[in-house]
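A short worksheet on the structure shown next.
FYI, it's all coordinate maths here, none of it is from the lab. Bear in mind that the values here come from a model prediction, so they are computed numbers and not experimental data. Please note: Cβ atoms are built from the backbone with ideal geometry, for glycine as well, and neighbour counts cover all protein chains shown.
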Number of protein chains: 2
Amino acid sequence: MPVKLHPSARGAYDYPLLIKNLLSGLPQWRDQWIVSDDRRYTYGTFETRIARLASALSRLGVEPGQTVAVMDWDSHRYLECYFAVPSMGAVLQTVNVRLSPQQIAFTLAQTGAETLIYHQDFAPLVAQIAGSLPALQRRIVMAPATAEGCVDNFEAMVDSGSPDFVFPDFDENAVATTFHTTGTTGDPKAVSFSHRQLVLHTLAVGTALANQPDGQGFRRGDVYMPMTPMFHVHAWGMPYLAVMVGVKQVYPGRYEPKRLLALKRSEGVTFSHCVSTILRMLLDALGEEEGGLAPWTMVIGGGPLPTSLMVQAREKGISTIGGYGMSETGPVIALARVSPDDPPEARCRAGLPAPLVHVRVDVPAGGGEGELLLRAPWLTNDYPGTPAAGEALWEGGWLHTQDIARIAPDGGVSIVDRMKDVIKTGGEWVSATLLEELTLRHPAVEDVAFIGVPHPRWGERPLAVLATKGRIAPPSLEGLQAHLRAYADAGAISRYAVPDEMMVIEALPRTSVGKVDKKNLRILAEHRPEIRKQG
Amino acid sequence: MPVKLHPSARGAYDYPLLIKNLLSGLPQWRDQWIVSDDRRYTYGTFETRIARLASALSRLGVEPGQTVAVMDWDSHRYLECYFAVPSMGAVLQTVNVRLSPQQIAFTLAQTGAETLIYHQDFAPLVAQIAGSLPALQRRIVMAPATAEGCVDNFEAMVDSGSPDFVFPDFDENAVATTFHTTGTTGDPKAVSFSHRQLVLHTLAVGTALANQPDGQGFRRGDVYMPMTPMFHVHAWGMPYLAVMVGVKQVYPGRYEPKRLLALKRSEGVTFSHCVSTILRMLLDALGEEEGGLAPWTMVIGGGPLPTSLMVQAREKGISTIGGYGMSETGPVIALARVSPDDPPEARCRAGLPAPLVHVRVDVPAGGGEGELLLRAPWLTNDYPGTPAAGEALWEGGWLHTQDIARIAPDGGVSIVDRMKDVIKTGGEWVSATLLEELTLRHPAVEDVAFIGVPHPRWGERPLAVLATKGRIAPPSLEGLQAHLRAYADAGAISRYAVPDEMMVIEALPRTSVGKVDKKNLRILAEHRPEIRKQG
């Protein structure tokens, strides 16, 4: 289109959207604290340390365009890598340390990482896989003591760097980060994000969160602690936002519920984010303990927030809010927002899209639900290494989430289910998520998943898989049916959704990020006659 | 630099930062109100009207890259042009209607505007200058009744457009808006802003304002009314932010203090912005009237916020906060932010830089003050038509503000003075702004300006120009000197700053945006012996 382009005088600065520019406010909060690993330092020290880190990596031979992989628990070191590595023009690979050694080796081989920085907890694993990584040139262990065979110790390396390192300008479309989706289906796929995408994610999500009602958002003055690992989609982008806004930050290391609760109290944490599994673990660890945790706002994503869990959390002073996103989307797309008049369920929906996000559902004739399609300036543009998957992701110029959603008249998005998890029975679409949510309201159900199993007449039928955790006797099939039939009578679900089969196991299989692993559940379900025989 | 560029699958959507994308949240607030001119409609209607407006302009022959100039008071029509004109790929020229007819003709001739949309109040002026604008192809009057010789009436035109107009995608570096600086020195110069710049300004300023403490910022839930005209640097960019966040908006037409106060009360306005002159007018109009105006947050820019005015405003329930910016900077660069412990003066400083803003002062040896230099992703890159001025603006790759500033250890910026307004006497730099601020504390001083006048021995000497407004007897020179000497004794100003000459006039000359016109004051000062003779 023949638009008129913005003129530029000789010498005018063409400002690129680079991660280093999120640090522009540092002079305003140099005295603010960053807490991690029994260590605490100020943003002023942080600023010096990222310059030293980049300087040292550069001296070791790390060049722009190369990949620096990190394996660590949530720490100040990880935060330093979040800024130093991309800002020197290299690519930060955040390795999912919960994958199997073979899968970790696969992800490192796929990116061709030249440098690996790892916590000493992973030293045996690294020793085991290093031989299969021909591109790997240098290994740096993060620990007080240097493990054998490593180039250097992280702390010593930081100390050796110059605090005067100047982060260069370059194309804002340079890749800043990469990691692998740990999807509930198929092989891990690499995604990557550019500097521009991460800066825009930070600004838009920052605006959305700061505009939330009190107790539902995140603003300067909050104290931040992640409870989604930093290897998982940039800890939802929050560390970048926390630095831009200048809040106190608390990095809890490896997640242990008691430690998370202790840090919450001792450091005055007011904002966190996690998947509902972690929230459940926290509430379990809390037990009957007295003393409210308020104020503590928590965004729950990575799957639906069950209403029952939201209510339990509220009793302990935790204000939970649903959010929606995925590995491919930076991740934040939408956040729930409620007013006092809204029903409790409103907190649990996927939420209202953040600024600049366009959502679309191509509703099939006669229905209000369909695949959620997205546009935003921070969506991954490709799966490097698997181009066909990238094209499928972007078919028609919209990102395909493979989530079935409904969009309310107020623009709010509710995720009905994963496309792969919808149960198609007798021509009806039955939401496994809704069935799980309703079944959890049964007093004798601790954890449940629904999957569709093949049926000669109805196509599929819902199978209830109950986990007992060995503590409570599960309901009988008849009891479960009676429980769900009441919802069918009330019109909440279709009569076809009431299962005529259930299976009881000790614990539900979960993926490395805590989601129910339905792929493995389906395998279990295929063998259920034998399992029953054994049981 | 050989960075790795972000890959893009075939079909992946390359999301441009266009103004139309600020509308992505509209489904969330379609029922929210926009109030203007005794007319009120919802965002839903707004959405339809901007599609119709763009469609109608397109049918009339307005093409991408062309310039559409607007002359209006603050109205819903102006807001519609803010979105429709740039989003169809054309350039919106916001004409300063307070300039003289000759100057207005100059600005329209310089941009070569093909289309002029104007309020009927300006019909005589347009008739007067149209003959000198050969590029002008069409004129559209905004009024119930069509003025003679006009192509169409704005309302009829909007009605004729299609609500299904689709705003196209194009390069985010396309020019979106243009207007002329009304600087206190030199000729008006054109500046322009791209879509990308305005979107980034909206996001960064939105983040900054939403993160302000309660009563010092702007969030969803506020009610917005501009009191800086929409022709003046996009009304500080706030209409774009207000639409993105979805607040109720109130457009007050031509500014009349009584009407502004009435709208504040009837519509529940909670957030505005203005120059201190307007705030003073409001307080004058309020007089001894009872009844607090709280909550009403007001960002004061376009010059310093005098502490005395801030205190007066606070007595009426208005929470004022200083801000800093200029025509070349979008405009917002910094916002004051205070905690309850801060002294009142903290509210009045230029403030803390917004996200992504880099500020720099090259401090001369031994001093803490110097010209404020800026980088941000929304600074004008050129003065179209005057390339040498553009190069000077960007000398060394930093935008030169021509403001003398001090940067505090916390990153806060205080503007000491305009470079042109600093008085250099006996080797000392004396701030005219500070002298004005201190002089205003004298009970018999209503309005004052200081300028430097040539002196054979000291280079320059400060001249106090007092405006009486015909109401109060001004202090004598001796009285003024005694008043200021007390501050010199306290160390607040240099002894050299105490003036040995003063001049009393009826009212200070002001520019079209309400700033004291020091250029004209200097001319008056040159002729002061004659003025005295007459007086």
Completion exercise
So, in nm and shortest first, the distances from B:ALA482 to its counterparts in the other copies, with label points 7 Å along Cα→Cβ, work out as 9.7
Practice task
Can you find, among B:THR380, B:THR297, B:TRP398, the residue farthest towards the positive end of the dipole of segment B:254-419? Put +1 on the C-beta of Lys and Arg, -1 on that of Asp and Glu.
Solution key: B:THR297
Handout entry: Nitroxide proxy distance, nm - points 7 Å out along Cα→Cβ at A:LEU60 and A:ALA408
Key = 4.9
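Take every residue in peptide B:377-384, count the Cβ atoms of other chains within 10 Å of its Cβ, and give the average of those counts. Don't jump to the answer; show the numbers that get you there.
On the way: counts 8, 1, 3, 5, 9, 6, 2, 4.
The per-residue average across the peptide is 5.
In peptide B:79-89, how many Cβ atoms from other protein chains are near each Cβ within 10 Å, on average?
Mean inter-chain Cβ contacts per residue within 10 Å come to 1.
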Problem - Cα centroid separation, segment B:234-285 to segment B:7-44 (Å) - result: 22
Exercise for the section: Give the calculated FRET efficiency between A:ARG457 and A:LEU477 to the nearest 0.05, with a Förster radius of 25 Å applied to their Cβ-Cβ distance. Expected result: 0.80
Completion exercise
Tilt, helix B:43-60 to longest principal axis of chain B (alpha-carbon atoms), in degrees rounded to tens, equals 80
Completion exercise
Length gained if B:SER162 through B:ASP121 is fully extended, taking 0.36 nm per residue and subtracting the Cα-Cα distance, is 11.9 nm
Practice task
Report, in degrees rounded to the nearest 10, the 0 to 90 angle that the Cα long axis of helix B:257-267 makes with the longest principal axis of chain B.
Solution key: 50
Exercise for the section: In nm, give the distance between the simple-model label positions of A:ALA392 and A:ASP500, each being 7 Å from the Cα along the Cα-to-Cβ direction. Expected result: 3.3
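Which peptide among B:167-173, A:347-353 comes first, and what is the full order, when sorted by highest mean count of other Cβ atoms within 10 Å? Don't skip to the end; give the middle numbers.
Details: B:167-173: 18.0, A:347-353: 25.3.
Top of the packing list down: A:347-353, B:167-173.
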Exercise for the section: Based on other C-beta atoms within 10 Å, arrange B:ARG461, B:ARG375 from fewest to most. Expected result: B:ARG375, B:ARG461
Completion exercise
A:ARG441 and A:GLU155 label points (each 7 Å along its Cα→Cβ direction) are spaced in nm at 5.4
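Hey, can you rank B:197-210, A:76-89 by average C-beta count inside 10 Å, highest first?
Result, highest mean first: B:197-210, A:76-89.
Only Lys, Arg, Asp and Glu count, each charged at its Cβ (+1, +1, -1, -1), so figure out the dipole size of segment A:422-534 about its Cα centre, rounded to 20 debye. Walk me through the numbers before you get to the answer.
Values: 16 positive and 14 negative charges, 42 e Å.
The calculation lands at about 200 debye.
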Practice task
Determine the percent antiparallel among the DSSP beta bridges restricted to chain A, to the nearest 5.
Solution key: 55
Completion exercise
For A:ASP341, inter-copy label-point distances (7 Å, Cα→Cβ), nm, shortest first, read 4.1
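Just how large is the dipole of segment B:1-65 about the Cα centre, in debye to the nearest 20, putting +1 at every Lys and Arg Cβ and -1 at every Asp and Glu Cβ? Before the final figure, lay out each step's value.
Numbers: 9 positive and 6 negative charges, 35 e Å.
The dipole magnitude comes to about 160 debye.
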Practice task
Run the numbers on chain B and let me know its relative contact order in percent, using alpha-carbon pairs under 8 Å that are six or more apart.
Solution key: 11
Practice task
Once the label point is placed 7 Å from Cα along Cβ, list for B:ALA392 the distances to the corresponding points in the other copies, in nm, shortest first.
Solution key: 6.2
Completion exercise
Per the 1/(1 + (r/R0)^6) rule, R0 = 22 Å and r from the Cβ atoms of A:ARG10 and A:ASP169, FRET efficiency to 0.05 is 0.80
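Ignore the peptide's own chain and count Cβ atoms of other chains within 10 Å of each Cβ in B:245-251; give me the average, rounded.
On the way: counts 4, 4, 1, 0, 0, 0, 0.
That works out to 1 on average.
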Exercise for the section: Be a star and scan segment B:411-447 for residues whose amide nitrogen sits under 17 Å from the point 7 Å along the Cα-to-Cβ vector of B:THR468. Expected result: B:443-447
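Taking 56 Å as R0, compute the FRET efficiency from the Cβ-Cβ separation of B:GLU526 and A:TYR41 and round it to 0.05.
Here the calculated transfer efficiency is 0.40.
Projected area of segment A:422-534, taken from the Cα convex hull and averaged over every viewing direction, in nm²?
Approximately 7.2 nm², given one-decimal rounding.
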